[in-house]
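Taking it in order: structure first as C-alpha cells, then the write-up.
The values are calculated or read from the model by the stated rules, or taken from the named source; none is laboratory data. Computed from a predicted structure; not experimentally measured. Here the Cβ positions follow ideal geometry from the backbone for every residue, glycine too, while neighbour counts run over all protein chains shown.
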Amino acid sequence: NKDLVKANQSNIYGYENGTLSTSLFYGAKNVSQAKLGSVLYVPEVNRSDDALKLSGPSPFRDMVNFVMKRAVLDSRSFGDLNTAFTTFNEKFKEEASADGFSVNSLIEEINREVGHWKIRFGVDVNPLRPEDIVKTLLTHFIEDENLEGKRVSLGSYGQGLQRHLIYTLIRLSARFVEPRTEKKKEFAPDFTLILFEEPEAFLHPSQQERLNASLRALAAEATQQILITTHSPRFVSKQVSELTTIIRLQKMAAVTEHFQLSEDQLTRMLDRNRGLYQRFSDMLQDPGVSAPLKGEIRKRGLGEDSPEEDPGLEDEATRSLLWLNAERAALFFARHVVLCEGPTEKAMFEFLIDTAWRDLGDRNVYLADALGKFNIHRHMALLSGLGIRHSVLFDRDGDAGIHDVVNGFIGENRTDLTIQIESFPSCLEDFLGIARAKRRDLKSLHVISKLLNNAVTADKITELRHMFDRLLGG
C-alpha cells in the first residue's frame with residue numbers, strides 16, 4: 001500500500017489481533033527513548049568502577065539516589081543537617097581569618113568595583129540535596145571477613161566476584177526505580193530487557209549454575225526478559241527443558257546464520273522420534289513377521305501390541321533433558337558432530353585424536369555417545385533442527401533380527417545435514433581384530449588397553465582413519 005509507505009518515517013507496522021495495523025509501530029528512536037521498556041546491558045568485559053561510580057550515571061548511583069529520595073528526604077537527621085547548613089550559610093560569610101580576610105570582605109571589594117553598574121554580587125551555600133550527598137560525599141567499600149573485616153579494594157578480587165557484583169547491581173536497579181506515571185494514549189510498558197554477554201566468564205562451574213538459576217528466576221517474572229550469549233555447555237544444558245529458547249549461531253563464510261526450534265517444529269520432532277517405537281509396534285501386527293522376531297520385540301519392550309493412538313510427548317522431551325547434560329551439550333558449539341553408538345567408539349576416537357591424529361585437533365569436531373543405536377535417530381533430529389552438521393557410526397550386528405530394522409531406520413532418518421553414515425559389519429572389536437570384552441561395562445577399557453599395547457595393527461588404524469575422514473566429509 002503506497003499510502004502506508006512514505007519517506008522520513010520508519011514504515012514499520014505491527015499486527016493487532018491478527019490484522020496488519022495502519023498505524024506506525026514504534027521505531028528505533030522510540031526504543032532508545034525507553035518507550036518499549038528499559039534495556040540493561042552487561043558486556044563481556046566490564047569495569048566494576050563503571051557500575052559503582054557515583055560521579056556519573058551507574059546502576060549503583062541510581063539505586064542510592066532512589067533510596068535517598070525515599071528514606072532520607074523527610075528524615076529527622078537530614079532535617080538537622082539542612083538546619084546546620086542554613087546556620088552555616090548565615091554565619092560563615094562574617095567569620096574572618098586572623099589577618100582579616102572574610103567572605104563578606106571579598107564581596108564588598110567586588111561590589112565596590114561593579115557598583116556603578118547598579119548591581120550587587122553575593123555568595124550563598126546551596127541547600128544540601130540527597131543527590132549532592134550521593135555524588136560528592138558518599139563512598140562505598142568492601143570488607144573482607146577473612147581479613148577480620150579489613151577494608152579491601154574491589155580491584156584486589158578476581159573477575160568472577162566483580163562480574164557477580166556488577167550483575168547484582170544491575171539486577172537490583174530494575175527494582176529500585178520510581179513508579180512510572182502513565183499518560184493517556186502513551187505506550188509505555190513496564191518491561192525490562194537484560195542483555196548479558198558471556199555470564200559464565202571467570203566463574204567456577206558451581207557458580208555458573210547459581211547464576212543460571214538466578215537468571216531463570218528473574219526471566220520468569222512477567223516484566224523481565226533475558227537474552228544471553230554464551231560459550232558454556234553448562235549454561236546450555238540448563239536450558240534443554242526449554243529447547244525453543246536456544247538460538248544457535250554459526251558463521252558460514254561471511255554470513256552468520258541462526259537456528260532455533262519453534263514450538264511447532266519441536267512438537268513434530270518429538271513425535272517423529274517415536275517412529276522406531278511405532279515401526280516395531282506395526283511389526284507386531286504384521287502376520288508376515290516371524291514369531292521369534294516378535295518375541296524379541298516384546299522382550300525388549302521396543303513396541304506394543306496395542307500402542308497408544310495419541311501418545312503424549314512428555315517421555316520424548318524427558319529423554320532430551322536426561323542425556324543433554326553439561327558434557328554432551330558441547331555438541332551445540334561444534335562445527336561437526338560424530339554420533340557414536342556408544343562410549344567405546346567415542347573414547348577410542350578421542351584417544352586417537354589426542355595421540356596419533358593430532359591434525360584433527362583444530363577441526364572443532366565433537367564425538368557424541370548416542371547411548372545406543374536405538375537413540376541415534378533422536379540425536380539426528382535435534383542436530384538437524386539446530387543446523388549442526390553430523391555423521392553417524394554404529395555396529396550393524398550382522399543385521400540380525402531387530403538390528404536389521406534399526407539399521408535401516410537410521411538410514412531413513414538421514415537429513416541434508418547428515419554428512420555420512422558408516423558402520424562396522426559386526427562390531428568394533430571384530431573390525432579391529434581383537435577379542436571381545438568379557439563384560440560390556442569393560443568394553444571401553446578393553447579397547448583402549450589394546451590400542452596402548454599395540455594389539456591393533458597399523459593397517460587397521462589406517463583403515464579406521466579413512467573411515468573417520470569420510471565421517472567428516474573428507
Checked region 221-278 for anything farther than 24 Å from Y41 by Cβ and part of a loop (DSSP other than H, G, I, E, B); matches are A253, A254, L261, S262, N273, R274
Scope region 171-183; condition crowded, with 17+ Cβ neighbours inside 10 Å and either closer than 20 Å to K69 by Cβ or modelled with pLDDT of 75 or more (or both); matching residues: S173, A174
Please work out if T136 is in a helix (DSSP H, G or I), modelled with pLDDT under 80 and of a type in the set (S, T, N, Q). no
Number of the condition not met by F25 [criteria: (1) farther than 25 Å from L218 by Cβ; (2) under 30 Å from the mean Cα position of the chain (by Cα); (3) modelled with pLDDT of 70 or more]: (3)
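Here are some residues: E95, E143. Which one is over 30 Å from P43 (Cβ atoms) and of a type in the set (D, E)?
E95
Select from region 267-296 the residues that are without any contact (Cβ under 8 Å) to a residue 24 or more places away in the chain and of a type in the set (A, V, I, L, M, F, W, C) and list them in ascending order. Outline the logic, then answer.
Start the filter on region 267-296 by keeping residues that are without any contact (Cβ under 8 Å) to a residue 24 or more places away in the chain, which leaves 268, 282, 284-291, 294-295.
Result: L284, V289, A291.
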If you go through region 249-268, how many residues are closer than 15 Å to G387 by Cα and among the hydroxyl-bearing types (S, T, Y)? 2
Filter region 92-116 down to the residues that are among the hydroxyl-bearing types (S, T, Y) and surrounded by 11 or more Cβ atoms within 10 Å (Cβ to Cβ), then identify the one that is farthest from the chain's Cα centre (by Cα). S105
Of the numbered conditions (1) over 25 Å from H446 (Cβ atoms); (2) touching a His at 6+ places or on another chain (Cβ under 8 Å); (3) not in a loop (DSSP other than H, G, I, E, B), H377 satisfies every one except a single condition; which is it? (2)
Restricting region 342-377 to residues that are buried (at least 19 other Cβ atoms within 10 Å of the Cβ) and of a type in the set (V, I, T), the one nearest to the chain's Cα centre (by Cα) turns out to be V365
Set S55, S48, S77: member being closer than 30 Å to G158 by Cβ, surrounded by fewer than 13 Cβ atoms within 10 Å (Cβ to Cβ) and at pLDDT 75 or above: S55
Could you tell me whether any residue of region 108-129 is under 30 Å from D62 (Cα atoms) and free of Cβ contacts under 8 Å to residues at least 24 places away in the same chain? yes
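For region 322-347, what are the residues that are in a loop (DSSP other than H, G, I, E, B), within 14 Å of L472 (Cα to Cα) and aliphatic (A, V, I, L, M)? Steps first, please.
Quick first cut of region 322-347, residues in a loop (DSSP other than H, G, I, E, B) only: 324-327, 334-335, 341-342.
From the residues that got through so far, the ones that are within 14 Å of L472 (Cα to Cα) too are 334-335.
The one that is in a loop (DSSP other than H, G, I, E, B), within 14 Å of L472 (Cα to Cα) and aliphatic (A, V, I, L, M): A334.
Residue-wise test of (1) surrounded by 14 or more Cβ atoms within 10 Å (Cβ to Cβ); (2) without any contact (Cβ under 8 Å) to a residue 60 or more places away in the chain; (3) out of contact with any His (no Cβ under 7 Å at 6 or more places or on another chain).
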residue	(1), (2), (3)
L215	yes, yes, yes
I228	yes, yes, yes
V236	yes, no, yes
L249	no, yes, no
Yes or no: L302 in the same structural domain as A437 (by TED's automatic domain parsing) and closer than 30 Å to E429 by Cβ? no
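So that you can scan it fast, the table gives a plain yes or no per residue for (1) touching a Ser or Thr at 6+ places or on another chain (Cβ under 8 Å); (2) of a type outside the set (S, T, Y); (3) surrounded by 15 or more Cβ atoms within 10 Å (Cβ to Cβ); (4) more than 25 Å from E327 (Cβ to Cβ):
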site	(1), (2), (3), (4)
Q239	yes, yes, yes, no
I246	no, yes, yes, no
T256	no, no, no, yes
S262	yes, no, no, yes
V289	no, yes, yes, yes
List the number of the failed condition for E350; all other conditions in (1) closer than 18 Å to F333 by Cβ; (2) at pLDDT below 95; (3) assigned to a helix (DSSP H, G or I); (4) acidic (D, E) hold. (2)
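Do you know which residues across region 122-142 are over 32 Å from the mean Cα position of the chain (by Cα) and either aliphatic (A, V, I, L, M) or closer than 30 Å to F202 by Cα (or both)? Write out each step before concluding.
Going through region 122-142, the residues over 32 Å from the mean Cα position of the chain (by Cα) turn out to be 122-139.
Passing the criteria: V123, V125, L128, I133, V134, L137, L138, T139.
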